[in-house]
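J.: Okay, handing you the structure first.
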Amino acid sequence: MTETALTVQQTARPMGFPTPDHFRFAESPVPDPSPGTALVENLYWSVDPYHREMMDGDFELNAPLEGRTLGRVIASRAPELPEGAIVFHRRGWRTHAVVGPAEARRVPEYQGVPLSAHLGVLGGTGLTAYVGLTRIAGLRAGDDVFVSAAAGGVGTATGRFARLLGAGRLIGSAGSPAKVRHLTDQVGYDAAFDYHEGPVRDLLAKAAPDGIDVFVDNVGGDHLAAAIGALRERGRVVRVGTVGQYNTPGTSQAHFNHADVVEKSLRIEGFLVSNYRDVQRELEEFAVPHLQRGTLALDETVVDGFERIVEAFLLMLRGGNTGKILVRAT
């Protein structure tokens, strides 16, 4: 075990896109666990779009940042967290963390399922996709589904889950031709488009000329406006995020015909996945057998080395990843 721990701290509030100058790495001795806690050496870190929102005020400056993480217990003074156990916790953006049983949960090690899946399709990313489809959208067999930012972590999980749950046509938007090909060739989308190629409203109309039943929205803006117009009667909008506005202060809101919401009896609902942690076991019962049979694959971009975690975060914000982006210890 190394004797030095590293943490990442935010040093200033960004206006627009963050840069490496908004962060610093701080060294400290590896901490010792106090009674009732355990020392965890982190193995995988998740960098997520919501971190950008938290940089505007939720993250304390010059203090260790938080994030979803997997690690191995290397010293324990808590019987619930024995040495050698793999745990999930939220004291990320650091190489080592001291956690108590209320802050960490042991991760089941399923045969044939990579550990990284617990930060992807079995983690908050997959739970967001699963809750969005099953609880918010109430997906029905044959529903045609449109997903924005479909090549990201939540977007790829949404597409794969929707296909397994019996959706009809799947349509996705992405930010490059390569991502569009990944969606149609690997993930199972029936149609996809690069939103840089024209107005989203026109691109969606071409990809889904008969309309859609469900829109899973990770972007907002013109994607939301286009989907409102394309939704059929009793269509549902699942609002997951607004990544299109995180780095552009003052971005105008989506402009759409509000009468459509009434005249087509549409439902628009957002949610926080933290309010649905009781669905975690159901997600695993659904997804793990598919992972073991090979009917559900992982979409991952893995960056090696904790020293590259800021680089990975900025890469994700600029759309440089396909699927869930993770940082892996080396």
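The values are calculated or read from the model by the stated rules, or taken from the named source; none is laboratory data. Being a predicted model, the structure only gives us computed values, none of them experimental. Virtual Cβ from ideal backbone geometry, glycine too; neighbours counted across all protein chains shown.
J.: Tell me, yes or no, whether the stretch 70-83 has at least one residue that is of a type in the set (S, T, N, Q), touching a strand residue (DSSP E or B) at 6+ places or on another chain (Cβ under 9 Å), crowded, with 16+ Cβ neighbours inside 10 Å and closer than 25 Å to VAL303 by Cα.
T.: For the stretch 70-83, residues of a type in the set (S, T, N, Q), touching a strand residue (DSSP E or B) at 6+ places or on another chain (Cβ under 9 Å), crowded, with 16+ Cβ neighbours inside 10 Å and closer than 25 Å to VAL303 by Cα: absent.
J.: Only residues that are in contact (Cβ under 8 Å) with a residue 40 or more places away in the chain and assigned to a helix (DSSP H, G or I): list them for the stretch 301-310, please. Give the steps one after another, and end with the answer.
T.: Just the residues of the stretch 301-310 that are in contact (Cβ under 8 Å) with a residue 40 or more places away in the chain, to begin with: 302, 306-307, 309-310.
PHE306, GLU307, ILE309, VAL310 - these are the residues of the stretch 301-310 that are in contact (Cβ under 8 Å) with a residue 40 or more places away in the chain and assigned to a helix (DSSP H, G or I).
J.: Looking only at the stretch 15-27, which residues are modelled with pLDDT of 95 or more and either of a type in the set (S, T, N, Q) or assigned to a loop (DSSP other than H, G, I, E, B) (or both)? Even if it seems obvious, please write down each step before you answer.
T.: Filtering the stretch 15-27 down to residues modelled with pLDDT of 95 or more leaves 18-27.
Result: PRO18, THR19.
J.: If you don't mind, another one. Considering only the stretch 190-199, state which residues are surrounded by fewer than 21 Cβ atoms within 10 Å (Cβ to Cβ) and not charged (D, E, K, R).
T.: Step one: filter the stretch 190-199 for residues surrounded by fewer than 21 Cβ atoms within 10 Å (Cβ to Cβ), giving 190-191, 194, 196-199.
Within the stretch 190-199, ALA191, HIS196, GLY198, PRO199 qualify.
J.: Another question, then. Output the number of the condition that HIS223 fails; it satisfies all remaining conditions of (1) assigned by TED's automatic domain parsing to the domain that holds HIS182; (2) in a loop (DSSP other than H, G, I, E, B); (3) under 26 Å from HIS196 (Cα atoms).
T.: Single failed check for HIS223: (2).
Results for (1) of a type in the set (A, V, I, L, M, F, W, C); (2) more than 28 Å from GLN10 (Cα to Cα), shown as yes or no for each residue.
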residue	(1), (2)
ASN42	no, no
ALA63	yes, no
ALA85	yes, yes
PRO101	no, no
ARG105	no, no
GLY112	no, yes
ALA117	yes, no
GLY126	no, no
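J.: Using the structure shown, decide if GLY319 is of a type outside the set (Val, Ile, Thr) and touching a residue at least 12 places away in the same chain (Cβ under 8 Å).
T.: Values: of a type outside the set (Val, Ile, Thr): yes; touching a residue at least 12 places away in the same chain (Cβ under 8 Å): yes.
In short, yes.
J.: Separate question: Looking at VAL243, VAL216 in this structure, which one is at pLDDT 95 or above and on the phi < 0 side of the Ramachandran plot?
T.: Working: VAL243 fails: at pLDDT 95 or above.
Criteria check complete, one pass: VAL216.
J.: Within the stretch 33-57, how many residues turn out to be closer than 16 Å to PHE23 by Cβ and aliphatic (A, V, I, L, M)?
T.: Adding up the residues that qualify gives 3.
J.: Okay, next question. Within the set of pairs 6 or more residues apart or between chains, which connect a residue that is farther than 14 Å from ILE309 by Cβ and not assigned by TED's automatic domain parsing to the domain that holds TRP45 inside the stretch 66-82 to a residue that is of a type in the set (S, T, N, Q) and modelled with pLDDT under 95 with Cβ atoms less than 7 Å apart?
T.: Note: no pairs meet the criteria.
J.: OK, next. Please list, ordered by first then second residue, the pairs with beta carbon atoms under 6 Å, 6 or more apart or interchain, first in the stretch 167-178 and in contact (Cβ under 8 Å) with a residue 60 or more places away in the chain, second of a type outside the set (Asp, Glu).
T.: Partner pairs satisfying both residue conditions: GLY175/GLY319.
J.: Also: Look through ASP21, ASP56, ASP48, ASP32 and report the one residue that is out of contact with any His (no Cβ under 7 Å at 6 or more places or on another chain), within 19 Å of VAL327 (Cβ to Cβ) and among the acidic types (Asp, Glu).
T.: ASP48
J.: What's the total number of residues in the stretch 38-62 that are small (Gly, Ala, Ser), under 11 Å from GLY92 (Cβ atoms) and modelled with pLDDT under 95? Full working, then the answer.
T.: Start the filter on the stretch 38-62 by keeping residues that are small (Gly, Ala, Ser), which leaves 38, 46, 57.
Checking the rest, the ones that are also under 11 Å from GLY92 (Cβ atoms) come to 46.
Adding the requirement that they be modelled with pLDDT under 95 leaves none.
The qualifying residues number 0.
J.: Could you please give the count of residues in the stretch 1-14 that are assigned to a strand (DSSP E or B) and more than 27 Å from the chain's Cα centre (by Cα)? Outline the logic, then answer.
T.: Taking the stretch 1-14 first, the residues assigned to a strand (DSSP E or B) are 4-10.
Add one more test, that the residue is more than 27 Å from the chain's Cα centre (by Cα), and what stays is 4.
So the answer is 1.
J.: I need the full set of residues from the stretch 263-281 which are without any contact (Cβ under 8 Å) to a residue 24 or more places away in the chain and over 17 Å from the mean Cα position of the chain (by Cα), in order please.
T.: Scanning the stretch 263-281 gives GLU263, ASP278, ARG281.
J.: Still on this structure, please answer the following. Can you pull out the residues in the stretch 283-300 that are without any contact (Cβ under 8 Å) to a residue 60 or more places away in the chain and touching a helix residue (DSSP H, G or I) at 6+ places or on another chain (Cβ under 9 Å)? Break it down stepwise before answering.
T.: We begin by selecting, within the stretch 283-300, every residue without any contact (Cβ under 8 Å) to a residue 60 or more places away in the chain; these are 285, 289, 293-294.
If the condition is that a residue be without any contact (Cβ under 8 Å) to a residue 60 or more places away in the chain and touching a helix residue (DSSP H, G or I) at 6+ places or on another chain (Cβ under 9 Å), then no residue fits.
J.: Would you mind stating whether VAL288 is modelled with pLDDT under 95, at negative phi and hydrophobic (A, V, I, L, M, F, W, C)?
T.: No; evaluated as a whole, the condition is false for this residue.
J.: Just for the stretch 44-69: of the residues that are of a type in the set (Phe, Trp, Tyr) and outside any loop (DSSP other than H, G, I, E, B), which one is farthest from GLU27 (Cα to Cα)? Talk me through it step by step, then tell me what you get.
T.: Residues of the stretch 44-69 that are of a type in the set (Phe, Trp, Tyr), as a first pass: 44-45, 50, 59.
Retained after the next criterion (residues that are outside any loop (DSSP other than H, G, I, E, B)): 44-45, 50.
On the way: TYR44: 19, TRP45: 18, TYR50: 26 Å.
Once the filter is applied, the top-ranked residue is TYR50.
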